[in-house]
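The values are calculated or read from the model by the stated rules, or taken from the named source; none is laboratory data. These numbers were taken from a predicted model, which means no experiment stands behind them. FYI the Cβ positions are ideal-geometry reconstructions off the backbone, even for glycines, and counts take in every protein chain you see.
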Amino acid sequence: MHEESTQAVVAPALSTAQDEMETFAKVDGLTDEILRLKRQHLGPEYYNNHQITYKETIDIIRKHYSLEKLAEFLNSRDDNGDLKYPLISLQFPDDLICDSTIVAQILQSTLNKWNKEFHDTHHDIEIPGEIDFTVEKSQTMSRDIESVEKTIESTSCGGDCGSKCKNRNKYYQDVWILADTSYSPCCIDEVAAEHVKADIVVHFGDACLTPVEKISSCYVLGRPYIDLSRLIQKFEETYSDKESKIVLMADASYSYVLPEMYETLKDQYLNLAISTIDFSKAGQNSKIIDGYQYKNNGSKPIHTANRIIYGISSSDIEEYMDTVDFEDENYIDSAKYDGLTQNYSLFHIGRPHDARVLLLTTKFGELKIIDPQNIELVHDQFPTLMKRYRNMQVTRSATTIGILINTLSLANTKVLLNQIIKDIIAAGKKHYMFVVGKPNVAKIANFECVDAWCIIGCGQSGIVIDMYGDYYKPIITPYELKLALMPMVTWTGKWVTDFDAYLNKSSSDEIDREEENTKNSGDSDDDFAPEFDPVTGKLKMNQPLRQLRHLELELELEISNKNIATEDISTESSLVKKFSNSLSVGKTISTSAYSLQNREWTGLGSDFAELDSTEGALVEEGRTGIARDYIDV
């Protein structure tokens, strides 16, 4: 006889097997070699110098970020002599976080020095006396010491006068480094700044310059190294035809190199144009540190894609403007010059985010992207508008739309959110609002009842572009949602991420809707008719906010048309009653309950099943511990 095994049978674990001798991963410190790889933006004078000293590194970083000019701005005072920004927060993207500690150290030491000099010059010196610290007798000695230390910190200003300074913020500034950004790295992280109650956010690196409302901001774009001679050589290799129409453009950080590049090439390429950053987009509460200035030679500027284009002949602009139909219902001011720029090829320095790439592909006829590290063309797969049209059609037939908020700090966010909700309700659809931080596939997949997502975020990197179908439900922009909610199928072929464009179109559509409502009062036969879904090929009801009386009338009509027996009528009537009670909330259809009824898997039991077909298993104690290290009980 075989001996029975005493080993307990354990269900297979849904995780990777882990060796007992395996240790958990540890983060090694940054070695000099790793720092050289991370600091390619500092140029060869840093990463090719293996004997570089710490002082030389500080000098390079100080020059790269224009820290002297930044410190002068941060140390500014009002008319009363008070500091405008006592608490300063520094925001770095992931690729520049390696410089954060040195930048903070340089700024803090510089500000301390200047504030001390201001204190010693302007402070009214008082006779130093004993400081009376009052503490309760019930407190312990450690608590007494802590109170004294806090009182000393609040009364000391860092000067040499030796007197008590009640207004410490007048002579001292704190510099903080913000942790991982809450949303897009190109945007001002207002949420993280509020955690430390910062007075200003200093943003380093590439930026979208989208205005913020609640806090002052400052942008330091930096001057990352790029081999200009190789860049010009690559440009000449790419465009052998000297008559080609070309526009030079770059990420915000590399835009400083464009004027010199343009001056070198404009005599050879007669139809060459240059784009500069539209710094006015940052708003009145923002300051650009050491921003480059391009001296226009008299050509007419063209505003598009948050850039200003110079170099296109005035005759071409006037000839094109004569063909623009400003009365077209799909006319958008931000896309006014798209027909003109479609005749140009874009030479772009830097790899933009997918949302930015999609925007540029709709505005220019050809797109050439250069990797600034190796000065080579990028041949990645670029997103196209073909899938955007499909996503819009899915949203058109959707019953529940999820509003995914991917920013909380941009101007007009609340106004845009309220307008989107208003448009969704007017279309007879349901909506839910979500704030999940940085969106990913796992987070979004938790909400099964949502048929489509509308994301509110920065147009440069705050919009999710699902190129490979990782997300289970389509994600569209507010402008695409506006097109999907229109009564007639409309597709403009434009990729619009501007909030103002959506708001302007919504305001004009509201006027048209009010005029139509005055003409057609009451419900028509086609108000709640099903629509054909071109994606699934079926008729679908996509207006869950219709009144239940329409639903009951539809079911009663089906009963009469079937000419069924009397005994079956009671069954149908009970279905009507159950359908109305189970799937209705506040006289509207509950899309969540409807989705739950139609699911193939309903979990451990169902509220709609009167009797369970099978008996449940006994509950037994299983494994315990954390996800990476379970222990059998």
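Residues are listed down the side, and each one gets a yes or a no for (1) more than 24 Å from the chain's Cα centre (by Cα); (2) of a type in the set (S, T, N, Q):
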position: 243; (1), (2): yes, no
position: 262; (1), (2): yes, no
position: 271; (1), (2): yes, yes
position: 278; (1), (2): no, no
position: 281; (1), (2): no, no
position: 324; (1), (2): yes, no
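Each row is one residue, and each column tells you yes or no for (1) crowded, with 16+ Cβ neighbours inside 10 Å; (2) at pLDDT 90 or above; (3) of a type in the set (Phe, Trp, Tyr).
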| site | (1), (2), (3) |
| --- | --- |
| 137 | no, no, no |
| 141 | no, no, no |
| 172 | yes, no, yes |
| 180 | no, no, no |
| 188 | yes, yes, no |
| 196 | no, no, no |
| 199 | yes, yes, no |
| 219 | yes, yes, yes |
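Taking the conditions exactly as written (surrounded by fewer than 22 Cβ atoms within 10 Å (Cβ to Cβ), acidic (Asp, Glu) and touching a residue at least 60 places away in the same chain (Cβ under 8 Å)), does residue 290 satisfy them or not? Yes. When region 401-415 is limited to residues that are within 15 Å of the chain's Cα centre (by Cα) and of a type in the set (A, V, I, L, M), the one that is farthest from residue 474 (Cα to Cα) turns out to be 411. Restricting region 375-399 to residues that are farther than 20 Å from residue 482 by Cβ and among the hydrophobic types (A, V, I, L, M, F, W, C) leaves a set whose member that is surrounded by the most Cβ atoms within 10 Å (Cβ to Cβ) is 375.
For region 417-437, the criterion of a residue being touching a residue at least 60 places away in the same chain (Cβ under 8 Å), over 24 Å from residue 501 (Cα atoms), hydrophobic (A, V, I, L, M, F, W, C) and outside the structural domain of residue 210 (by the TED database) is satisfied by no position.
Can you pull out every residue in region 435-453 that is under 18 Å from residue 399 (Cβ atoms) and under 17 Å from the mean Cα position of the chain (by Cα)?
Filtering region 435-453 for residues under 18 Å from residue 399 (Cβ atoms) gives 444, 447-453.
The answer is 444, 453.
Do the conditions hold for residue 239, that is, is it more than 29 Å from residue 64 (Cβ to Cβ), more than 25 Å from the chain's Cα centre (by Cα), buried (at least 20 other Cβ atoms within 10 Å of the Cβ) and in the same structural domain as residue 299 (by the TED database)?
On the way: more than 29 Å from residue 64 (Cβ to Cβ): yes; more than 25 Å from the chain's Cα centre (by Cα): yes; buried (at least 20 other Cβ atoms within 10 Å of the Cβ): no; in the same structural domain as residue 299 (by the TED database): yes.
Spelling it out, it is not the case that residue 239 is more than 29 Å from residue 64 (Cβ to Cβ), more than 25 Å from the chain's Cα centre (by Cα), buried (at least 20 other Cβ atoms within 10 Å of the Cβ) and in the same structural domain as residue 299 (by the TED database).
Picking from residues in region 487-504 that are over 17 Å from the mean Cα position of the chain (by Cα) and assigned to a loop (DSSP other than H, G, I, E, B), the one that is nearest to residue 427 (Cα to Cα) is 487. The set of residues from region 224-259 being of a type outside the set (Lys, Arg), outside any helix (DSSP H, G or I) and over 22 Å from residue 62 (Cα atoms) comprises 239, 240, 241, 243, 244, 246, 247, 248, 249, 250. Restricting region 299-339 to residues that are among the small types (Gly, Ala, Ser) and modelled with pLDDT of 80 or more, the residue that is surrounded by the fewest Cβ atoms within 10 Å (Cβ to Cβ) is 315.
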